[in-house]
Amino acid sequence: MKTIIGLASLLAAIALVILLGQPQGVVAAIDGPVRVEGGLISGVTDAKSDVKVFKGIPYAAPPVADLRWKPPAPVKAWTGVRQADQYSAPCMQPIVPLLPGVAKLDFEEGMHVPGTPSEDCLYLNVWTAAKSPTERRPVMVWIHGGALVIGSPAVLSTDGAALARKGVVLVSINYRLGAFGFLAHPDLTKESSHHTSGNYGLLDQLAALQWVRKNIASFGGDPANITIFGESAGSWSVNLLVASPLAKGLFHRAIGESGALLVGLRNLEGLLAVNGQSLAEAEQTGVKVAQAAGARSLSELRAKPAAEILKAGVPAGNPLAAPFGATVDGWVLPDTVLRIFEAGRQNDVPILIGSNATEGALFVTQPVRAEGAREQAKQSFGPQAEAFLKLYPATTDDEAKASTTRFLGDAVFGLQMRTWARLQGKTGKAPAYLYMFDRVPPDAVCRCATHAAEIVYAFNNVELSARPFQAVDRKVADTMSSYWVNFARKGDPNGAGLPNWPTYREQSDTLMTFGDAIEVRPVPGKAGLDFLETQFKQVRSSSRD
C-alpha cells in the first residue's frame, strides 16, 4: 500500500493560507453572552455588516503533555464569560519562507501563518448574522489547507463575514498538523483502545464537527444542515471525512476545492499510487521520528518540547515534505478512500467539487529541459510514452515546461476531482457538481489561475484585499459564493439569477467554469485526463497481481 501523503513532496510549495488580515470595523461586544460547551462566551460585532464574530472558541482540551497523540479530550470548563474576540494560536508547524512563483504581496499578506504556533490550538471561529437562535441557518465548516503540515483559518481571504451576510453560519477550525496530528508509533498503537495510532488531525476535525452539531444552534445555525468545505489538504480532509464511518451524520453536504485522495501514478516525481498508508508503514515513520528526537520511550517522546518534535519530523530544507498523512487504521479509515467509494460505503451526501485551470504553475518554478521531460516520459510510461508526449509534448524547453505544468495540474488535481464525481455517480445516490476555476487574478505571477487562486472568490472577500481586483473579479466572487451558499442551503447550487449548473454526468463530461465567462463547458483537457485514468487503472491492476 502506498502513502496518501506521498503527494506532499510534490506539493511542497503549497502555502494555502492566503491574504492574512483582520476584518475591518470590529467594535463593541455582542448583546449578550452565548452558552457553549464549557461555559459562556462573548464575541464582537462587525460595525459595517452587523455580523457577529466569535474567535478562539475551544472545542477540545489542549492536546499537551499526556494528551499529546491521543484523540481530542472534552473541553475544560471555565468560569465567568470568556472573551472570544481573538484568533487562537495556530497549530505547531514549520515556518515557510517566500516561495518561488509567489507574489511578494501574497506572501506579505498571508503566506506566513499569523501568530506563534502552539500545541494548545484546538479552537474554532464562528460568524453569524442571525438575530435569534431560532433561525436555523445552514452551516458551513471550513477546513484549511497546507499539505496537512501548515495552515491556519486566521487569514483575510477566509474571513467568514461575507458568507454570513449571504445567510449561512460560517465556522472555521484549527486541527493538529504534521507530527503532532498524524504521527503513528507501535507504542501509541498498543496504548490505544482501538489498537491504532495516527489520524489525530482527522479526529480533531471530527471533534470540531461534533461541537458544531451540539452548539451551533446557539448561533442561529441548523445542526441538521451542515456543509464541510476545504481547499487542497482541506479538500483531502473533506474527501477523507466523506469516506470515514466516524463522520456519519456529522455533515450533510461536502465541497472540495482542488484535492482528493483517489488516484495517482507511480514513478512520477512523488506521484505515488494513492492506495493508503498502512498502519505498519506509518508506525515505521513514527519510530524514525522518535529516534531523530532522541526519545527511547513513549514517555520520553511525550516529554520532549514541541520544538524538538517539530524539528525531528521536518525534512531538512523542505519543511512541507514531512512524511505524515492519513493512515488506513481500521477505525477512522477502515480501508483506502478509493475502495470505500468503489464499494459505495462513503457518507452519501451531495458534493460540489472542482479544481483550477493551471494548478501546476505553483509547483513548476524551475527550468524544464525538453530532453529530460522526454526521458521522464519513457521511464514513467514505457510503451505509452509516445502517446503521452502527443498529449503533453516536449519538443522545446518552453513547450516541455508548459506540458509539465499542465500534466501536474491534470494528474494531481483535475483527474482526482473528476474521478470523485464519477465515483459518486456510480455508487452514490446524492448528486455531484463539478467545476473549473479559470479566472486569472490581475496580479498573478504566472498570469494564470493557479493553485489556491479561487479561495478569496469562494469566500466573496475580494473587497477586503489590497490586491488590484477588478469588476469582473467582484462578479465572479459574488456568483461563485452564491452557488456555494445555495449548495449549503439545499444541496443544489442553482438559484435565481444564476446560470444553470447541471449535475455531473460521465456521459456528457461537462462542468461549470468560473472565469471571465461563467458557463457550462466540456471538461478541459479531456484527452489527457482519459489517458491518465487508463494508466492509473493499469497501475492498480498490476499492483494486485
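A compact table of results
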{"quantity": "Residue in the range 387-402 that is among the β-branched types (Val, Ile, Thr) and assigned to a loop (DSSP other than H, G, I, E, B) present", "calculated": "yes"}
{"quantity": "Which listed residue, of Ser152, Ser118, Ser157, is touching a residue at least 60 places away in the same chain (Cβ under 8 Å), among the hydroxyl-bearing types (Ser, Thr, Tyr) and surrounded by fewer than 21 Cβ atoms within 10 Å (Cβ to Cβ)", "calculated": "Ser118"}
{"quantity": "Residues satisfying the stated conditions in the range 452-482, i.e. touching a Gly at 6+ places or on another chain (Cβ under 8 Å) and closer than 20 Å to Ser235 by Cβ", "calculated": "Ala452, Phe459, Val476"}
{"quantity": "Restricting the range 177-192 to residues that are within 19 Å of the chain's Cα centre (by Cα) and among the small types (Gly, Ala, Ser), the residue that is surrounded by the fewest Cβ atoms within 10 Å (Cβ to Cβ)", "calculated": "Gly181"}
{"quantity": "Within the range 420-447, considering residues that are within 16 Å of Pro468 (Cβ to Cβ) and basic (Lys, Arg), the one modelled with the highest pLDDT", "calculated": "Arg439"}
{"quantity": "Residue match in the range 316-337 (condition: β-branched (Val, Ile, Thr) and more than 30 Å from Thr503 (Cα to Cα))", "calculated": "yes"}
{"quantity": "Where a residue in the range 275-304 is more than 27 Å from Leu333 (Cα to Cα) and its partner, wherever it lies, is among the basic types (Lys, Arg), with Cβ under 7 Å and at least six apart", "calculated": "Ala293/Lys304; Ala295/Lys304"}
{"quantity": "Helices (runs of 4 or more DSSP H) lying entirely in the range 279-368 (those with 2 or more residues that are at negative phi and under 18 Å from the mean Cα position of the chain (by Cα))", "calculated": "337-342"}
{"quantity": "Residue match in the range 321-330 (condition: of a type in the set (Phe, Trp, Tyr), more than 25 Å from Phe536 (Cβ to Cβ) and at pLDDT 90 or above)", "calculated": "no"}
{"quantity": "Any pair with Cβ under 7 angstrom, 6 or more apart, that starts in the range 528-545 at a residue that is farther than 15 Å from Glu342 by Cα and in a helix (DSSP H, G or I) and ends at one that is charged (D, E, K, R) and at pLDDT 85 or above", "calculated": "Gly528/Asp410; Leu529/Asp410; Leu529/Arg418; Leu532/Asp410"}
{"quantity": "Residue among Gly515, Gly491 that is closer than 19 Å to Trp142 by Cβ, surrounded by fewer than 21 Cβ atoms within 10 Å (Cβ to Cβ) and in contact (Cβ under 8 Å) with a residue 24 or more places away in the chain", "calculated": "Gly491"}
{"quantity": "Any hit, the range 451-471, residues being surrounded by fewer than 20 Cβ atoms within 10 Å (Cβ to Cβ), of a type in the set (Val, Ile, Thr) and over 19 Å from Gly259 (Cα atoms)", "calculated": "no"}
{"quantity": "Subset of the range 403-451 [small (Gly, Ala, Ser), in a loop (DSSP other than H, G, I, E, B) and within 21 Å of the chain's Cα centre (by Cα)]", "calculated": "Ala449"}
{"quantity": "Tally, over the range 392-433, of residues that are surrounded by fewer than 21 Cβ atoms within 10 Å (Cβ to Cβ), among the small types (Gly, Ala, Ser) and under 28 Å from Thr365 (Cβ atoms)", "calculated": "1"}
{"quantity": "Residue in the range 434-448 that is among the small types (Gly, Ala, Ser), in contact (Cβ under 8 Å) with a residue 24 or more places away in the chain and crowded, with 19+ Cβ neighbours inside 10 Å present", "calculated": "no"}
{"quantity": "Matching entry among Asn215, Asn225 (being outside any helix (DSSP H, G or I), at pLDDT 95 or above and on the phi < 0 side of the Ramachandran plot)", "calculated": "Asn225"}
{"quantity": "Which listed residue, of Ser232, Ser197, Ser172, Ser192, is farther than 24 Å from Pro315 by Cβ, out of contact with any strand residue (DSSP E or B) (no Cβ under 6 Å at 6 or more places or on another chain) and hydroxyl-bearing (Ser, Thr, Tyr)", "calculated": "Ser192"}
{"quantity": "Filter result (over 13 Å from the mean Cα position of the chain (by Cα) and part of a helix (DSSP H, G or I)) within the range 125-158", "calculated": "Leu156, Ser157"}
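To keep it simple, each residue is scored yes or no on (1) at pLDDT 75 or above; (2) of a type outside the set (A, V, I, L, M); (3) within 18 Å of Gln205 (Cα to Cα).
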{"residue": "Ala8", "(1), (2), (3)": "no, no, no"}
{"residue": "Pro23", "(1), (2), (3)": "no, yes, no"}
{"residue": "Val27", "(1), (2), (3)": "no, no, no"}
{"residue": "Asp31", "(1), (2), (3)": "no, yes, no"}
{"residue": "Ile41", "(1), (2), (3)": "yes, no, no"}
{"residue": "Asp46", "(1), (2), (3)": "yes, yes, no"}
{"residue": "Ala60", "(1), (2), (3)": "yes, no, yes"}
{"residue": "Pro63", "(1), (2), (3)": "yes, yes, yes"}
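The values are calculated or read from the model by the stated rules, or taken from the named source; none is laboratory data. Keep in mind that this is a model prediction, so the values were computed, not measured. Quick reminder, even Gly has a Cβ in these numbers, built from the backbone with ideal geometry, and neighbours come from all protein chains shown.
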